[in-house]
Amino acid sequence: MKKIESFVLNFLFKISTQPVLLRDLLEANALFNEGMLVDPAKLNYKLKVFNSYLLYAFICLIVLTPLLAITHYLFTLLDFHISIISAIVVTSAIFIGYDLFKIYTRKLISKKLIQKAWMIHFPCFPYEKYSNLIENIYKQALKEEIPKNSLEQYVLEKIVQNS
């Protein structure tokens, strides 16, 4: 399952080889923990739009072909107005589903890239245990207007104090 997920994410996203900056990691972590979508530029990736259309079309084909085969005979017996209404509902579900598909895949890649960058910046602090603590420390640093060049030292000192 992990291989399929990895293949799909690599197919859908162009990931830069540039490392994620500490400040961008802290901001992305805070946004992700709040359930917000993270700006792709912060984590150095972008969506391959054409590939996302291809993959989503393939998923729709796999799901809708059996449904069409099952319901086709039923709709030939019913009033054509019901067929038109069902076509409208299915079409809107496809377009709404594409947006949900993009959001879901963005959340997956964001989490993966945050955890990857976490291993670079905070290798001694497991993500699952310290992500909320560091989010709070980052928010406090913003309130105290800690400069960028002192941010890493500030965060590490606060982690040690709170551990």
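The values are calculated or read from the model by the stated rules, or taken from the named source; none is laboratory data. On a predicted model such as this, the values are computed, not experimentally measured, just so you know. Here the Cβ positions follow ideal geometry from the backbone for every residue, glycine too, while neighbour counts run over all protein chains shown. Ligands, DNA and RNA are stripped out before the accessible areas are found, and what is left, the full protein with its side chains, is counted by its heavy atoms. Shrake-Rupley method; radii C 1.70, N 1.55, O 1.52, S 1.80 Å.
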Inset, instruction - Look at residue 73 and say whether it is more than 19 Å from the chain's Cα centre (by Cα) and in a helix (DSSP H, G or I). - result: yes
Legend entry - So residue 56, is it touching a Lys or Arg at 6+ places or on another chain (Cβ under 9 Å) and either under 30 Å from residue 13 (Cβ atoms) or modelled with pLDDT of 95 or more (or both): yes
Inset, instruction - Specify the residue that is surrounded by the fewest Cβ atoms within 10 Å (Cβ to Cβ); the eligible residues are those in the stretch 1-33 that are touching a strand residue (DSSP E or B) at 6+ places or on another chain (Cβ under 8 Å) and aliphatic (A, V, I, L, M). - result: 15
Inset, instruction - Report, by residue number, each residue of the stretch 137-152 that is in a helix (DSSP H, G or I) and farther than 13 Å from residue 163 by Cβ. - result: 138, 139, 140, 141, 142, 143, 148, 149, 150, 151, 152
Legend entry - Residue list for the stretch 34-58, filter: loosely packed, with under 15 Cβ neighbours inside 10 Å and part of a helix (DSSP H, G or I): 49, 50, 53, 54, 57, 58
Inset, instruction - Would you check which residues across the stretch 145-163 are in contact with a helix residue (DSSP H, G or I) (Cβ under 8 Å, 6 or more places away or on another chain) and surrounded by fewer than 11 Cβ atoms within 10 Å (Cβ to Cβ) and list them? - result: 148
Inset, instruction - Just need a number here: residues in the stretch 123-140 that are free of Cβ contacts under 8 Å to residues at least 24 places away in the same chain and open to solvent by less than 90 Å² (accessible area, probe 1.4 Å). - result: 4
Legend entry - Breaking point among (1) more than 21 Å from residue 5 (Cβ to Cβ); (2) at pLDDT below 95; (3) open to solvent by 60 Å² or more (accessible area, probe 1.4 Å); (4) in a helix (DSSP H, G or I), for residue 96: (2)
